[in-house]
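What follows is a single structure, written as structure tokens, with notes after it.
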Amino acid sequence: MGDSPDVAAGAGLPERSQTESSQPEDSRPGHSRPGRRRGRMAAAGALAVAVIGGVTWWGVSHPGAYGRSHDGCVTVSVPSSTGGALMHGCGASARAMCRTAFAGHDRLALATRPQCRLAGLGPTAGAAP
């Protein structure tokens, strides 16, 4: 039988290429290494923190289109069943809101009065505050 021991030992087994045998199993295409996965997770976490931070900063620095009460426009934050509501009016609407606020004595009227004064829509001279 003139077979050498090397040939007999490898009989029936498929040959492995040089690149397969020299690469560890988890570095082949389709397999990611634990360190690479950790890096990707860290990058995704940093991106999420940056996005949340940016949105928070924008929300704090840009309070909304209505802004504060001034120049004949009134903006009032009032409690409501869903936690809070914003009442806004300019011109005739603001004047009507302020007339009602200075005529009434409920919580909404008391919250509206200071905003009317800021907007320059306080009570007329001779009217009771």
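The values are calculated or read from the model by the stated rules, or taken from the named source; none is laboratory data. The structure presented is a predicted model; accordingly, all values stated were derived computationally and were not measured. Note: ideal-geometry Cβ built from the backbone for every residue, glycine included; neighbour counts use all protein chains shown.
Limited to the range 79-101, what total is found for residues that are of a type in the set (S, T, Y) and in a helix (DSSP H, G or I)? Break it down stepwise before answering.
Let us first name the residues in the range 79-101 that are of a type in the set (S, T, Y), namely 80-82, 93, 100.
From the residues that got through so far, the ones that are in a helix (DSSP H, G or I) too are 93, 100.
Selection size over the range 79-101: 2.
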**Request:** Could you identify the single residue in G35, G2, G54 that is at pLDDT below 80, more than 30 Å from D106 (Cα to Cα) and not in a loop (DSSP other than H, G, I, E, B)?
**Result:** G35
**Request:** Name, by its number, the condition in (1) touching a strand residue (DSSP E or B) at 6+ places or on another chain (Cβ under 7 Å); (2) farther than 13 Å from A119 by Cα that does not hold for H105.
**Result:** (1)
**Message:** Contact list please: Cβ distance under 7 Å, first residue in the range 100-117 and basic (K, R), second residue modelled with pLDDT of 90 or more and surrounded by 15 or more Cβ atoms within 10 Å (Cβ to Cβ), pairs at least six apart or on different chains.
**Reply:** R113/A101; R113/F102
